[in-house]
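Chemist: Questions regarding the structure given below will be posed in turn.
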Protein chains: 2
Amino acid sequence: MVNITVPKIQEYLLGLADEDDRCVLEMERIAGERNFPIVDRLVGRLLFLLTGLKKPRLVVELGSGFGYSGYWFARALEHGRVVLTDYDEKNMQYARDVFRKGAFMDRAEFRVGNAIEIAKGYQEIDILFIDIDKHQYLDAVQTLLPNLGRNALVVADNALWYGKVAGNKRDRETLGIKKFNHYMAGHRDFFTTILPLRDGALVAYKVS
Amino acid sequence: MVNITVPKIQEYLLGLADEDDRCVLEMERIAGERNFPIVDRLVGRLLFLLTGLKKPRLVVELGSGFGYSGYWFARALEHGRVVLTDYDEKNMQYARDVFRKGAFMDRAEFRVGNAIEIAKGYQEIDILFIDIDKHQYLDAVQTLLPNLGRNALVVADNALWYGKVAGNKRDRETLGIKKFNHYMAGHRDFFTTILPLRDGALVAYKVS
């Protein structure tokens, strides 16, 4: 479905990404069974790497689903905390259960409601992770710019949107992602790259 | 030639990576004209991003060619310095000229000779960049492990070796890269990812 990295390379990369954390494995299994969209293990590992490098005090996720990406942030945190947000109370309840099992409750908050509105209540965000409806990405980053800390990271999932960003599709989601990518790439306060992992992860480093 | 990311996606990514630095543009032009292998602009931007996040005092490159990757490190440095190494005196001379033009001479050293031997003279390396002969990667990282600083990054170019790592080729280079990737992925001191940019960039974070 995602047509970005050559399949045999994707397999090779996954083969080098062994995992023995029972919570990660359980979430991956459930995502597969229920066809629930999660960033995959390779993107999870990217989040872990970026968190290790950035050493954030505050990570805010817009659109946490049932907590897979949030769990990767939590694993990598040394001192800080991660705020998970989702519209669905049941998703947040499941995330709570998994974080309890992983012994990460002390470093997480679980908030139900409109992700952008919730995030506006936080200042000095070190990593902002965006995985909400695709037409809302641009609004999200524009709204939350004042809430970002110095040298913050903005990380956005689905930045290549099944490869559709490179085509002529004009649906709301594709246009939303294209506008967002273009905005970030052209913004003088950000140094932006898109990594072609799974469905594309945009990583933007705030240079101010 | 490099068969890793779908071509139209590669084009899209390059289209979002505008550049106006005359030294970068000159080096890219010369690399094209002479068919001289360089990490491309997307990998260059990855090096810039990682350097911004890591804020290294010391970057050591094994195999700098004529200085393209080293120039991206230099651009991103706030305080530290980058050590470039190459067997070829002419490459180092060219790199010196470019760094002078870019006004980066104060943050660079240029060393001619065996890269691994030269690197052994440095302690507390924050970023080790590996781009020498592919069968030497494993030896390089094993030899230089004691020279790495806390939470060092190891970054290696060509980690997917034209996609050959996912096949059954048994030439010295392919086997060398496969062994290196396997070693890094299995090493308990490193958290390792391979990013499928151009020919693959291995990024390993030292967790100790």
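Chemist: What residue of chain B has the nearest C-beta to the axis that moves B onto A, and what is that distance in Å, given as a whole number?
Modeler: B:L53, 2
Chemist: Per residue of B:44-50, count partner chain C-beta atoms within 10 Å of its C-beta, then hand back the mean as an integer. Present the calculation step by step, with values, prior to reporting the outcome.
Modeler: Working: counts 1, 5, 3, 0, 3, 10, 5.
Across B:44-50, the average partner-chain Cβ count within 10 Å equals 4.
Chemist: Can you quote the Å³ per residue value for the convex hull of the Cα atoms in the protein assembly as shown, rounded to an integer?
Modeler: On the way: hull volume 56.4 nm³, N = 416.
Looking at the protein assembly as shown, the number lands at 136 Å³ per residue.
Chemist: Apply the a/c threshold of 1.5 to the C-alpha gyration tensor of the range B:70-122 and tell me whether it is rounded, prolate or oblate.
Modeler: Because a/c hits 1.5 or more and a/b fails to exceed b/c, the range B:70-122 counts as oblate.
Chemist: Name the long-range amide H neighbours of A:F190: under 5 Å, sequence gap of 5 or more, or other chain; modelled H, no Pro or chain starts.
Modeler: Counting only residues 5 or more places away or on other chains, the set is A:V207.
Chemist: I'd like the Karplus ³J(HN,Hα) series for the range B:134-148: coefficients 6.51, -1.76, 1.60, θ = phi - 60°, whole numbers in Hz, and an x wherever there's a Gly or Pro.
Modeler: These are the phi-based 3J(HN,Hα) values: 5, 6, 9, 4, 5, 4, 4, 6, 5, 5, 9, 3, x, 8, 8 Hz.
Chemist: Right, another one. Given H placed 1.01 Å from N in the peptide plane, which residues other than close sequence neighbours of B:R111 have an amide H under 5 Å from its amide H?
Modeler: Amide H neighbours of B:R111, under 5 Å, 5+ apart: B:L84, B:T85, B:D86.
Chemist: Another question, then. Please give the calculated 222 nm ellipticity per residue for the protein assembly as shown, where each DSSP H segment of at least 4 residues contributes -39500 (n - 2.57) and the sum is spread over every residue; nearest 500 deg cm²/dmol?
Modeler: Details: 16 runs with 172 residues, N = 416.
Result for the protein assembly as shown: -12500 deg cm²/dmol, rounded to the nearest 500.
Chemist: Under 18 Å Cα-Cα from B:K101, which aspartates and glutamates qualify once same-chain neighbours fewer than 8 residues away are excluded?
Modeler: B:E19, B:D20, B:D21, B:E26, B:E28, B:E109
Chemist: Oh, and also: Convert each backbone phi in the range B:77-85 into a coupling constant with the Karplus relation 6.51 cos²θ - 1.76 cosθ + 1.60 (shift: θ = phi - 60°), then list the ³J(HN,Hα) values in order as whole Hz, x for Gly and Pro.
Modeler: 5, 9, 10, x, 9, 10, 9, 9, 9
Chemist: How would you classify the range A:7-206 from its alpha-carbon gyration tensor, with a ≥ b ≥ c the square roots of the eigenvalues: rounded for a/c under 1.5, else prolate if a/b is greater than b/c, otherwise oblate?
Modeler: Values: a/c = 1.42, a/b = 1.13, b/c = 1.26.
Rounded shape, in that the Cα axes give a/c under 1.5.
Chemist: Put +1 on the Cβ of every Lys and Arg and -1 on every Asp and Glu Cβ in the range A:7-206; which of A:A159, A:H79, A:I38 then has its Cα farthest towards the positive end of the dipole?
Modeler: The Cα lying farthest towards the positive end belongs to A:A159.
Chemist: A further question follows. Name the lysines eligible as straight-distance cross-link partners of B:K54: C-alpha to C-alpha under 20 Å, and not fewer than 8 places from it in the same chain.
Modeler: Reachable lysines: A:K54, A:K55, A:K206, B:K206.
Chemist: Same structure, new question: Quick one: which residues, 5+ away or cross-chain, put their amide H under 5 Å from the amide H of A:A201? H built at 1.01 Å from N.
Modeler: Long-range HN contacts for A:A201: A:A159, A:L195.
Chemist: Suppose every Lys and Arg Cβ carries +1 and every Asp and Glu Cβ carries -1, with no other charges. What dipole size does the range A:7-206 come out with about its Cα centre, to the nearest 20 debye? Numbers along the way, then the final one.
Modeler: Details: 29 positive and 28 negative charges, 104 e Å.
That gives a dipole near 500 debye.
Chemist: Starting from the exponent 0.38 and prefactor 2.2 Å, build the expected Rg for the range B:92-169 from its residue count and divide its actual Cα Rg by it. Spell out each step's value before the answer.
Modeler: Working: Rg = 15.0 Å, N = 78, 2.2 N^0.38 = 11.5 Å.
The value comes to 1.30.
Chemist: With a cap of 13 neighbouring Cβ atoms within 10 Å, and only residues DSSP puts in a loop, list the GluC sites (Glu not before Pro) found in the range B:44-104.
Modeler: On the way: sites: B:E61, B:E78, B:E89; in loops: B:E78.
Those satisfying the criteria are B:E78.
Chemist: Using θ = phi - 60° and the Karplus form 6.51 cos²θ - 1.76 cosθ + 1.60, what ³J(HN,Hα) does each residue of the range A:51-62 get, whole Hz, x for Gly and Pro?
Modeler: Karplus-based 3J(HN,Hα) across the range A:51-62 equals 5, x, 6, 7, 6, x, 8, 9, 10, 10, 9, 9 Hz.
Chemist: For peptide A:3-10, compute the average count of partner chain beta-carbon atoms within 10 Å of each residue's beta-carbon. Could you put the intermediate results ahead of the total?
Modeler: Values: counts 3, 6, 6, 8, 1, 6, 10, 3.
Mean partner shielding for this stretch: 5.
Chemist: Okay, next question. DSSP loop (so not H, G, I, E, B), at most 16 other Cβ within 10 Å: list which trypsin sites (Lys or Arg not before Pro) in the range A:55-160 pass both filters. Present the calculation step by step, with values, prior to reporting the outcome.
Modeler: Details: sites: A:R57, A:R75, A:R81, A:K90, A:R96, A:R100, A:K101, A:R107, A:R111, A:K120, A:K134, A:R150; in loops: A:R57, A:K120.
Those that pass, being in a loop and sparsely packed, are A:R57, A:K120.
Chemist: When we measure straight from the Cα of B:K164, which aspartates and glutamates land under 15 angstrom away, once same-chain ones fewer than 8 places off are left out?
Modeler: A:E11, B:E173, B:D199
Chemist: Let me ask you something else. With a ≥ b ≥ c the root eigenvalues of the C-alpha gyration tensor of the range B:51-145, is it rounded (a/c under 1.5), prolate (a/b larger than b/c) or oblate?
Modeler: Oblate.
Chemist: Another question, if that's okay. Treating only the Cβ atoms of Lys and Arg (+1) and Asp and Glu (-1) as charged, compute the dipole magnitude of the protein assembly as shown about its Cα centre; round to the nearest 20 debye. Walk me through the intermediate numbers first.
Modeler: Working: 58 positive and 56 negative charges, 14 e Å.
The dipole magnitude comes to about 60 debye.
Chemist: Further question on the same structure: Placing a label point 7 Å from Cα toward Cβ, how far apart in nm is A:R172 from its equivalents in the other copies, listed shortest first to one decimal?
Modeler: The answer, with the shortest distance listed first, is 6.0 nm.
Chemist: If you don't mind, there's one more thing I want to ask. Compute the label-point distances linking A:E109 to its equivalents in the other copies; points lie 7 Å from Cα along Cα→Cβ; give nm, one decimal, shortest first.
Modeler: Counterpart label points of A:E109 in the remaining copies fall at 4.7 nm.
Chemist: Place the label 7 angstrom along Cα→C-beta at B:Y183 and in each other copy, then list the distances from the first to the rest in nm, shortest first.
Modeler: 4.6
Chemist: From the residues B:Q136, B:M105, B:Q10, which one has its Cα farthest along the dipole of chain B in the positive direction, the dipole being from +1 and -1 charges on Cβ of Lys/Arg and Asp/Glu about the Cα centre?
Modeler: B:Q136
Taken together, the values in this text are just the output of simple stated rules run on the coordinates, not laboratory data. What you see is a predicted model; the values in this text were computed from it and never measured. For neighbour counting, all protein chains shown are included, and Cβ atoms are generated from backbone atoms with ideal geometry for every residue, glycine included.
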